[in-house]
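See below for the structure under consideration.
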């Protein structure tokens with residue numbers, strides 16, 4: 001739908017297609033201020049906490065590290081370094097369960113904290129950044145390992161380098177926090193609005209957009225008030241606007257928020273920078289401010305621990321690598337045994353099975369849900385083609401067709417229906433009267449397509465190597481043949497072919513031998 | 001009557017010449033169907049189909065000499081794709097698709113005879129005479145051709161452990177449909 005909705009503030013807002021109203025459940029934790037958590041006994045810091053290549057460890061087992069010391073360096077442009085969240089000793093670099101839907105283990109750096117929290121030497125604060133080369137500021141953000149904290153964990157320094165041919169006219173700061181239960185961004189805006197705006201100012205300096213829009217859902221009036229108050233005290237007020245947007249899931253999706261605030265749509269399989277827009281999460285903005293103004297790398301983040309199975313839902317400032325059972329213990333443990341333990345929100349999160357799984361940079365929420373909160377949908381029934389999924393799809397896709405082709409494993413047709421524009425928000429599955437696990441079908445199809453693509457590339461590589469080997473063997477055979485021929489020719493040349501010549505040679509040799517014999521002293 | 005015979009004969013001669021000319025002028029180099037089939041084959045060059053490599057099997061398929069279920073690494077998915085491409089009936093695979101494996105040379109056992117190096121179709125084994133040999137795991141296609149020539153049986157095929165990068169979401173449990 002493209003009909004603009006007039007807003008009370010006078011700013012025109014747009015509506016994205018579909019979306020659903022769901023109970024926001026934010027009252028469980030949104031009144032709890034951000035607390036710091038005492039140090040756990042062990043930290044498991046995963047090497048892959050971002051989109052792109054995993055970081056490469058640069059510490060040895062047994063080495064002593066300081067808080068904020070880089071313990072793994074990025075490999076490649078789209079990658080991010082990892083820093084020690086506290087001072088202590090490296091106990092090992094070993095596989096450990098990580099927050100990932102597969103539940104697999106992945107390499108983690110294990111740190112035993114010494115409790116002293118001794119900081120490593122930090123780079124100098126860049127307080128006068130408007131006088132500094134933007135490349136140096138981007139380098140600082142890259143050094144600090146800042147990634148998108150909204151959940152996608154894309155390296156921020158890459159996103160803040162859109163290239164000279166893409167002029168950015170609008171910077172959007174995402175404070176929508178549309179998924180139920182999650183309140184970490186809400187609390188951050190209420191408590192650290194000034195810090196967020198400092199980060200916004202740095203990003204504004206790097207991208208030089210004309211306007212900055214900070215979108216916050218209207219179910220967070222305190223956060224909106226705190227942000228507006230903080231904004232009024234800064235010089236950002238000339239080009240920045242804090243926009244209260246109607247609460248509708250998933251308005252916090254990047255493309256959805258862009259549509260709401262600007263009315264523009266990001267073209268299919270493209271990034272917002274293509275239409276001159278960059279979107280950053282408010283948590284990322286605060287991390288950028290920490291990196292540039294304090295020289296502090298990203299070693300902690302705010303995590304909401306919520307759900308009705310938790311004794312005391314809270315918002316916690318957590319060191320990266322802290323195991324989640326430590327957080328749950330800090331929140332008073334379980335009120336009742338949870339039916340499900342979820343990393344992320346209830347709509348897009350995934351279940352975790354090992355309670356020693358650590359918090360990573362992208363972990364914004366941990367949910368311990370009771371069976372009443374996450375009822376078993378029951379066995380899936382046949383699709384009745386009611387079309388409700390299509391009316392709620394925020395990406396304006398045809399979920400029914402996608403389901404049909406994904407189910408039939410028709411991986412070509414499913415891409416014709418723009419599978420890769422699906423943001424996996426779960427609206428279609430939420431409204432489906434047949435309880436079809438629709439998102440699981442799309443995720444299956446996506447990973448299957450990637451795997452097929454990888455297999456194809458591997459086969460191509462094997463073929464090239466096979467052909468190269470065949471060519472080499474042929475060349476070697478040819479060379480051997482040529483050598484043999486040369487040898488034979490050389491033999492033929494030195495060996496006189498005519499028998500009378502040969503007889504003459506033999507005669508000459510005999511005479512030489514006789515002459516030598518006659519010269520020998522006689523007995 | 002005579003005119004009719006003459007006309008038909010002239011036409012036949014003209015079209016015959018035209019066909020003969022175009023057969024030379026618009027000659028297609030190679031076999032496009034074989035190329036198309038080859039691009040679908042997994043290129044392990046394992047020879048388990050009974051042909052020496054993927055290209056000969058593709059050529060045999062294009063000629064119609066081979067069954068479409070001979071490629072073990074390709075598995076059932078390949079049988080279906082080939083059936084679709086060649087308009088033939090899908091044939092059941094005798095053996096199910098194997099798990100991905102990679103060759104491993106036991107450094108204690110290797111005597112440096114280079115026989116595995118000669119057998120490897122994709123040059124994924126490095127080493128020299130009387131030197132320890134090693135497998136380039138990223139290049140190994142798991143074809144097992146190196147296992148048989150080894151005189152001391154020091155090559156094992158090890159399953160590739162599933163990691164996060166290669167992980168796929170499982171297909172949802174079937175519905176009651």
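The values are calculated or read from the model by the stated rules, or taken from the named source; none is laboratory data. Fair warning: this is a prediction, and the values are worked out from it, not measured in the lab. We place every Cβ from the backbone using ideal geometry, glycine too, and count neighbours over all the protein chains shown.
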I'd like the residue in the stretch B:45-58 that is more than 11 Å from chain A (Cβ to nearest Cβ) and at positive phi and, out of all such residues, is surrounded by the fewest Cβ atoms within 10 Å (Cβ to Cβ).
B:50
Look at residue A:400 and say whether it is closer than 29 Å to residue A:345 by Cβ and more than 8 Å from every other protein chain (Cβ to nearest Cβ).
yes
Strands (runs of 3 or more DSSP E) wholly inside the stretch A:1-118 that include at least 2 residues being in contact (Cβ under 8 Å) with a residue 60 or more places away in the chain
A:34-36, A:43-46, A:88-97, A:105-113
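For every residue, the table says whether it meets (1) more than 20 Å from the chain's Cα centre (by Cα); (2) assigned by TED's automatic domain parsing to the domain that holds residue A:217; (3) touching a residue at least 24 places away in the same chain (Cβ under 8 Å).
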| position | (1), (2), (3) |
| --- | --- |
| A:247 | yes, yes, yes |
| A:259 | yes, yes, yes |
| A:285 | no, yes, yes |
| A:290 | yes, yes, yes |
| A:306 | yes, no, yes |
Got a sec? Which of B:61, B:78 is within 14 Å of chain A (Cβ to nearest Cβ), over 30 Å from residue A:381 (Cα atoms) and not in a loop (DSSP other than H, G, I, E, B)?
B:78
Can you tell me how many residues in the stretch B:151-170 are surrounded by 15 or more Cβ atoms within 10 Å (Cβ to Cβ), away from every other protein chain (no Cβ under 13 Å) and in contact with a helix residue (DSSP H, G or I) (Cβ under 8 Å, 6 or more places away or on another chain)?
1
Please go through the stretch A:205-230 and give me each residue that is more than 25 Å from residue A:130 (Cα to Cα), in contact with a strand residue (DSSP E or B) (Cβ under 9 Å, 6 or more places away or on another chain) and not in a loop (DSSP other than H, G, I, E, B), ordered by number.
A:215, A:216, A:217, A:221, A:223, A:224
Residue hits (the stretch B:72-117; under 15 Å from the mean Cα position of the chain (by Cα), surrounded by 18 or more Cβ atoms within 10 Å (Cβ to Cβ) and over 20 Å from residue B:32 (Cα atoms)) are B:72, B:73, B:74
Take the conditions over 25 Å from the mean Cα position of the chain (by Cα) and at the interface with chain B (Cβ under 8 Å from one of its Cβ atoms) and apply them to residue A:436. Does it pass?
yes
Which one of the conditions (1) within 18 Å of residue B:103 (Cα to Cα); (2) within 14 Å of chain A (Cβ to nearest Cβ) does residue B:148 fail to meet, given that it meets all the rest?
(2)
Could you check how many residues of the stretch A:146-162 are touching a residue at least 24 places away in the same chain (Cβ under 8 Å) and surrounded by fewer than 22 Cβ atoms within 10 Å (Cβ to Cβ)?
6
Exactly one of B:134, B:173 is farther than 19 Å from residue A:463 by Cβ and away from chain A (no Cβ under 14 Å), and that residue is B:134
The listed residue being buried (at least 17 other Cβ atoms within 10 Å of the Cβ), within 21 Å of residue B:167 (Cβ to Cβ) and assigned by TED's automatic domain parsing to the domain that holds residue A:383, out of A:466, A:444, A:430, A:417
A:444
Among the residues of the stretch B:103-117, is any in a loop (DSSP other than H, G, I, E, B), within 13 Å of chain A (Cβ to nearest Cβ) and touching a strand residue (DSSP E or B) at 6+ places or on another chain (Cβ under 7 Å)?
no
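Conditions (1) farther than 23 Å from residue A:29 by Cβ; (2) surrounded by 22 or more Cβ atoms within 10 Å (Cβ to Cβ), marked per residue:
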{"position": "A:325", "(1), (2)": "no, no"}
{"position": "A:333", "(1), (2)": "no, no"}
{"position": "A:354", "(1), (2)": "yes, no"}
{"position": "A:358", "(1), (2)": "no, yes"}
{"position": "A:370", "(1), (2)": "no, no"}
{"position": "A:374", "(1), (2)": "no, no"}
{"position": "A:391", "(1), (2)": "yes, no"}
{"position": "A:394", "(1), (2)": "yes, yes"}
{"position": "A:404", "(1), (2)": "yes, no"}
Since residue A:83 meets every condition but one in (1) modelled with pLDDT of 95 or more; (2) over 21 Å from residue A:287 (Cβ atoms), which condition does it not meet?
(2)
